[in-house]
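Structure record follows, encoded as C-alpha cells.
Every number in this text was worked out from the coordinates using simple rules, so none of it is lab data. Nothing here was measured: the structure is a model prediction, and the numbers come from that model. Positions of Cβ are generated from backbone atoms using ideal geometry, with glycine treated the same way; all protein chains shown enter the neighbour counts.
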Amino acid sequence: MCVPDAEQVTEGIDNLGLSDQAENHNPWSLHSELLQTQMEIGEKDTSCDQITLGNSFPLESIYEDAAAADRRHNPLNNFIPTLRSGEWSDIGDRLHMEDTHICITDLAQNFGCNLHGEEAISFYGVFDGHGGKDAAQFVRDHLPRVIVEDADFPLELEKVVTRSFMETDAAFAKSCSLGSALSSGTTALTAMIFGRSLLVANAGDCRAVLSRHGMAIEMSKDHRPCCNNERMRIESLGGFIDDGYLNGQLGVTRALGDWHINGLKEISGRGGP
C-alpha cells in the first residue's frame with residue numbers, strides 16, 4: 001500500500017472529520033513508538049523518500065519493491081498488532097432504540113473481496129439516529145459495502161470513505177422516496193484499522209477517543225451548532241443557528257439522511273460530509 005503525498009492526504013479531511021489526533025490531521029500518526037524506532041534505524045536508507053505531515057512521525061513513501069526489501073533488512077516492519085474488539089449498547093431512558101453499530105474484523109473478506117496479500121482492514125462504526133431508526137440502520141447495512149466496492153479501495157482510503165459517506169447518503173435519499181417512514185437521520189462515526197494505522201471519519205457529533213498510556217486523545221471533531229467553524233460554514237451557505245439548533249430544528253450540523261426537511265441538505269451541506 002502506497003502512502004500518498006501530503007496534498008492527497010489532507011484533501012477533504014477537514015470537511016469529513018477524517019482525523020487521527022486533534023492537533024494534527026494525519027491518519028497515519030498512530031504508528032507506535034516502535035515505528036518511530038524503526039524509522040530511526042532506517043533513516044540512513046535513501047531508497048525511499050521521507051515525508052513529514054504535521055507533527056507526526058516521519059513517514060516513508062512506500063512502494064511494493066521498496067517495502068519488500070525493507071522487510072528483509074528490518075524485521076520490525078513485520079510486526080502487526082493483534083486486534084481484539086467488543087461491543088455494547090444501552091437504550092437509556094428512551095422508549096425506542098434509534099442507534100446502532102457494526103464491527104467487522106476483515107472488511108474485504110466479509111464482502112468476498114480478495115486483496116491478494118494486502119493487510120486485513122477492520123471496520124467499526126457507530127450510528128446515532130434521530131427521528132427514527134431507519135437512517136442509522138440503512139447506513140449500517142450499506143456503508144461498509146459501498147466502501148469495499150469503491151474502485152480506489154483499499155489504496156486511497158481517505159477518498160474512498162469521503163465518497164462512500166456521500167454515496168450512502170444519496171442512496172438513502174432514494175429509499176426515502178419510497179416511504180415516509182425512512183425520513184430520518186443519523187450521525188456517523190467510522191474507524192478503520194489496517195496494519196498499524198488507524199483512520200477515523202465522522203459526520204455529526206459521534207465521538208471517538210483513543211486511550212494511550214492512560215491519556216485520552218480526541219480522534220474526531222464534533223460537527224455541532226456551538227462550533228464557530230460550523231456556524232460560519234452554515235451562515236455562509238444561507239442557513240442560520242437558532243438557540244443552538246441548525247435552522248431551529250437539529251442539534252447537529254452534519255448527518256446522513258434528514259431528506260424530509262425541505263432545502264436543509266442544500267443550505268447546510270449535510271449531504272456532503
Inset, instruction - List the residues whose amide H sits under 5 Å from the amide H of I241, counting only those 5 or more places along or on another chain, with H placed 1.01 Å from N in the peptide plane. - result: N247
Legend entry - Ranked list, fewest to most other Cβ atoms within 10 Å of each Cβ, for E119, E87: E87, E119
Legend entry - Inter-label distance for A151 and R94, nm, one decimal - labels placed 7 Å from Cα along Cα-to-Cβ: 3.8
Legend entry - Amide H partners (placed H, <5 Å) of R196, local residues excluded: none
Inset, instruction - Along Cα→Cβ, 7 Å out, is where each label goes; now give me the distance between the ones at E118 and Y245 in nm to one decimal. - result: 4.4
Legend entry - Potential extension, S211-I80 segment - 0.36 nm per residue separation minus Cα distance: 45.3 nm
Inset, instruction - Would you kindly derive the ³J(HN,Hα) couplings of the stretch 154-168 from the backbone phi angles with the Karplus curve 6.51 cos²θ - 1.76 cosθ + 1.60 (θ = phi - 60°), listing them in order in whole Hz, with x for Gly and Pro? - result: x, 6, 10, 5, 4, 5, 4, 5, 4, 5, 5, 4, 5, 5, 5
